[in-house]
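Written below as structure tokens is the structure these notes are about.
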Amino acid sequence: MYRASADIVLPTSIIGSLPRPAWHTASLGNKSFLEAMVNARWREQYEDAVSTHLRAQEIAGLDICTDGDAHYDEEVGGFSWQSYPLTHMAGLSREAQLTPPAVAAASPPRGQILHDQLEARVLPRIVGPLGRGNLHYTAMWKVAQRLTKKPVKFGTILPELLAAAVADDYYKDPVERCWAFSEALNQELHELADAGCPIIQLEEPQIHMVPARGRPFGRLETTDLVKLFNNTVKGLRAKTEVWCHTCWGNPAQQRIFRDVQSYQPTLTALDEVDADAITFETCSSGTGDLPAIGAAVTDKKVVIGVIDHHTLQVERPDQVAALIREALHHIRPERLVISSDCGMGREGMSRRHAQYKMVALVLGTNLVRKEQGLAQAECLAADPHYSLALRPE
């Protein structure tokens, strides 16, 4: 069900995370979100951080906003993206321990910055049946949505990555564990959709990673991963707009692969996910897959990344426009959404860099909108009347 992107041609957004304000020093830890909101100081910092993220997006002129993933703590490499659900769902121990990843390909050697994230994997164990626990996604979305009139998208990590992260004393095998995570997340996301969240984003199905990393747990084929995704979102599209986010990784704003990867081997499988839109990393990895994406994904919206989440170099509006024009050779404008490649808040980028990347995203899209005869978004950050260095025209 297209809700937030239904009536906009070439709508703009970002994937999710934004750099944490330096003054946002309070940590959530394993305390529940609602419990933390009782504390006046934590609540003030959290609400101010969310408001800051939303205002930055509004100033840039984005059509669809996020809360900047403000509930994530400042963990090495942005690891809170994985650890938050694992420290708040039911069925996991309160005690945590250093936990090696279940996927050997995700273990970079010592001496590399990515190795630090391995040392940040201090996680609980599964000790009982998995459940929603205290995820509190609905409460988080409500806090953000009541601070802006623009639609707020809310995202969450997918089951196979959670299942690969933790030790398990309860389930008989990792595939059973994946499906247990899937069922729990589906329940949580239905509450979120019922509350009115206009877009729910499911992040990083490992479908496109199979050619690069192999089958998860040595068993899950791309067809299995599609079934797992579809189970996680079952029933949601009748209530809300569902996005499937894919990229090639960015812990600590780093590339996790030496060579640029391609979506082409798994596009047929990706097109089978039960989603309204699929996001693709097309800036930092180049536009080589766009013809294949346009040919394979024909009944969903295609969200292209025009902002590189790995580099501090701010893209120029004309570069953004050129990438969008290239995409329009293969995807109709009413099916195209403009975004960042991935989140910009996983330890490594300043708020100012992220701000100007969002501004460039909107200004570049405006260039193409003008060429297409479409209304342009207001971008306060680029309005010459408010420059401190220029006289008003």
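Against the longest principal axis of the chain, how steep is helix 222-232, in degrees 0 to 90 to the nearest 10, with axes from Cα atoms?
Helix 222-232 sits at roughly 90 degrees to that axis.
If I model segment 167-233 as equal point scatterers sitting on the Cα atoms and use the Debye formula, what is log10 I(q)/I(0) at q = 0.13, 0.18, 0.24 Å⁻¹?
Summing over Cα pairs of segment 167-233 leads to -0.43, -0.75, -1.08.
Taking every alpha carbon pair in segment 121-174, what does the distance histogram look like in 5 angstrom bins from 0, in percent?
Here the calculated profile for segment 121-174 is 4, 14, 20, 19, 13, 12, 9, 6, 3, 0.
For the chain, what is the charge dipole size about the Cα centre, in debye to the nearest 20, if Lys and Arg each add +1 at the Cβ and Asp and Glu each add -1 at the Cβ? Don't jump to the answer; show the numbers that get you there.
Details: 40 positive and 48 negative charges, 65 e Å.
Taking the Cα centre of the chain as origin, the dipole is about 320 debye.
In the chain, what cysteines have no partner Cβ closer than 4.7 Å?
Cysteines lacking a close Cβ partner in the chain: 65, 178, 197, 244, 283, 379.
Any chance you could list the semi-axes, whole Å, largest first, of the equivalent ellipsoid that the Cα gyration tensor gives for the chain, using √(5λ)?
32, 25, 20
Could you pull out the GluC sites (Glu not before Pro) across segment 187-291 that fall in loop regions by DSSP (anything but H, G, I, E, B) with no more than 13 other Cβ atoms inside 10 Å?
Here the GluC sites (Glu not before Pro) that fit, given the DSSP loop and packing criteria, are 221.
Take the Cα pairs of segment 1-96, get the Kirkwood Rh, then feed it into Stokes-Einstein at 37 °C and 0.692 mPa s and tell me D in µm²/s.
The calculation lands on 217 µm²/s.
Looking at the chain, identify the longest residue range that excludes and avoids all trypsin sites (Lys or Arg not before Pro) in DSSP loops having at most 12 other Cβ atoms within 10 Å.
259-393
Mind listing the phi-derived Karplus ³J(HN,Hα) values for segment 269-279, rounded to whole Hz, using 6.51, -1.76 and 1.60 with θ = phi - 60°, and x for any glycine or proline?
Each residue of segment 269-279 in turn: 5, 4, 5, 8, 5, 7, 9, 8, 8, 10, 9 Hz.
Please report the antiparallel percentage of the DSSP beta bridges confined to the chain, to the nearest 5.
The answer is about 15 percent antiparallel.
Using the alpha-carbon atoms, what tilt in degrees (0 to 90, nearest 10) does helix 40-60 show relative to the longest principal axis of the chain?
So the inclination is approximately 40 degrees.
Read the figures in this text as sums done on the coordinates, not as results from a lab. It should be emphasised that the depicted structure is a prediction, and the values quoted were computed from it without experimental measurement. Positions of Cβ are backbone-derived with ideal geometry, glycine not excepted, and every protein chain shown enters the neighbour counts.
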